[in-house]
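Asker: One structure, pasted below without further comment.
The values are calculated or read from the model by the stated rules, or taken from the named source; none is laboratory data. As the structure is a computational prediction, the values presented were derived from the model and not from experiment. Counting neighbours? That spans all protein chains shown, and the Cβs are built from the backbone with ideal geometry, glycine included. Areas reflect the complete protein model, heavy atoms only, side chains present, ligands, DNA and RNA absent. Shrake-Rupley method; radii C 1.70, N 1.55, O 1.52, S 1.80 Å.
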Amino acid sequence: EEEVVTESILRDRSHIEETLRLATEQKSGDYAAALQRLRKIYHNSIKPMEQAYKYNELRQHEISAYPGRTLGDSATDGEITSKPMVLFLGPWSVGKSSMINYLLGLQDTPYQLYTGAEPTTSEFTVIMHGEKIRSVEGIVMAADSSRSFSPLEKFGQNFLEKLVGIEMPHKLLERVTFVDTPGIIENRKQQERGYPFNDVCQWFIDRADLIFVVFDPTKLDVGLELEMLFKQLKGRESQIRIILNKADSLATQDLMRVYGALFWSLAPLINVTEPPRVYVSSFWPYDYAPDTSRDLFKREEISLLEDLNQVIENRLENKIAFVRQHGIRVRIHSLLVDRYVQTFKEKMSFFSDPELVFKEIVADPDKFYIFKSILAKTNVSKFDLPNRDAYRDFFGINPVTSFKQLSAQCSYMGGCLLEKIERAITADLPGLLSSISSNKNPTLSSCEATGCGEKPKNRYRRN
């Protein structure tokens, strides 16, 4: 009798399978072949230039020149081949873990994420695909170079003890990875966590394809930690989705007031012309409360699932565009280093002090037209140029004499590094992208299949 009652209050999940197309067969062979080509282009054309001019050293000193996603401190195949990442952020006990349980159908199974009214999630939990259900410790995830989480080792052993992975054979996890984060507790200082919480969040934010910031009607106050979180989200507005969860716990009139209060609280933190999309529903497996706007909540839920599905279906195009964007940045950096080296050699004479000469160049690069010459000779946007102050730190640990000029970076068998990276940016990667797009058969969208209304725009494609 109890089983019958439990089943009657559980929500129908068929729309999740239909919207995310979990029953359809994916062309894994074509995807793997394209990914292999992408990996080959990166290793043959971009990585040699990246290593020759120590681009990753620049990234460690450059704080704000390139907002958004990068290949990390040490680019690996794991970062290129990784699945799209969906990050869940927000205050404690707003339903982040329950939402993951609902999407994966883990409710009332031994593998569901623990939930409760009190702060329950104290770890960064990565839910990913595996052949069998098992947990993976943080130190194992960081030590495995085939995964994309090896750079997390730099945050120390205290953090790795707070990192856990869960592998399970699930159709959705074959195409996406979920990351559940500890809830924000405003009265807790970062030092009390034992690791740099904000820095870890930034690492995941920089690599997330979709960021769900979850609230519930009782936790709309904005404190210092939440304010810091939204500062870290600057430049990532197109990936942010705000979720007002547990919406069926309020009457319609109260829900409208809470919706307005949420916008009022977040308005000072999100300075963009187009505000992030806000989804209003209750993302958990049980049926909506009676006398609530269940049709609205259902449409909102399907709209969110369509957003998620769009990230999944465009994952390969986004990956190609992301690697191309990275290649452009490596090329700009190499051209700048080449210009610094060339200027240094021109200004040096037999009686010059090398240290004083280069100190003058680094202190005032505009005097020697370092950056202006790059803009004049190449098709580089001034908005893509790195921070000039970053090169002062960069050359502080990498002497200018340790770099060759680009004209000397050629070999009989391998060709010239500059020609290879320019060919990858202008021909190889766009050609791979167009071949992927042309092979896509136009099919009925999930929204058209389920009747969820207007299809959301693709704001994830990186041009």
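Asker: Which value in Å does the Kirkwood hydrodynamic radius of region 150-296 take, with 1/r averaged over all unlike C-alpha pairs and then inverted?
Answerer: 17.4
Asker: Under the 0.36 nm per residue contour assumption, what length would be gained going from the current alpha-carbon distance of Tyr286 and Ala261 to full extension?
Answerer: 6.4 nm
Asker: Using 7 Å Cα-to-Cβ label points, what is the Asn56/Gln36 separation (nm, one decimal)?
Answerer: 2.6
Asker: Taking only protein heavy atoms into account and a 1.4 Å probe, give the accessible area per residue of region 266-314 in Å².
Answerer: With the other protein chains kept in place, region 266-314 gives 42 Å² per residue.
Asker: How long is the gain from Gln232 to Asn44 if the chain were fully straight, where each residue apart is worth 0.36 nm and the alpha carbon distance is subtracted?
Answerer: 64.3 nm
Asker: Turning to a different aspect of this structure: Are any of the pairs Lys96/Lys171; Lys359/Lys382; Lys234/Lys359; Lys54/Lys420; Lys162/Lys319 more than 26 Å apart by Cα-Cα distance, and if so, which?
Answerer: Lys234/Lys359; Lys162/Lys319
Asker: Given a Förster radius of 56 Å and the C-beta distance between Lys359 and Ala23 as r, what FRET efficiency does 1/(1 + (r/R0)^6) yield to the nearest 0.05?
Answerer: Using R0 = 56 Å, I get an efficiency of 0.30.
Asker: Contour minus end-to-end for Asn398 and Leu269, with contour as 0.36 nm per residue of separation and end-to-end as the Cα-Cα distance?
Answerer: Additional length available on full extension: 42.6 nm.
Asker: Can you work out D for region 230-372 in µm² s⁻¹ from Stokes-Einstein, where Rh is the Kirkwood radius over C-alpha pairs, the temperature is 4 °C and the viscosity is 1.567 mPa s?
Answerer: Approximately 63 µm²/s, per Stokes-Einstein.
Asker: How high is the FRET efficiency from Ile133 to Asp206, r the C-beta distance, R0 35 Å, rounded to 0.05?
Answerer: E(calc), rounded to 0.05, equals 0.75.
Asker: For region 356-372, in order, what is each residue's ³J(HN,Hα) by Karplus, 6.51 cos²θ - 1.76 cosθ + 1.60 with θ = phi - 60°, in whole Hz (x at glycine and Pro)?
Answerer: Result, rounded to whole Hz: 5, 4, 6, 4, 5, 5, 5, 5, 9, x, 5, 4, 9, 6, 4, 7, 5.
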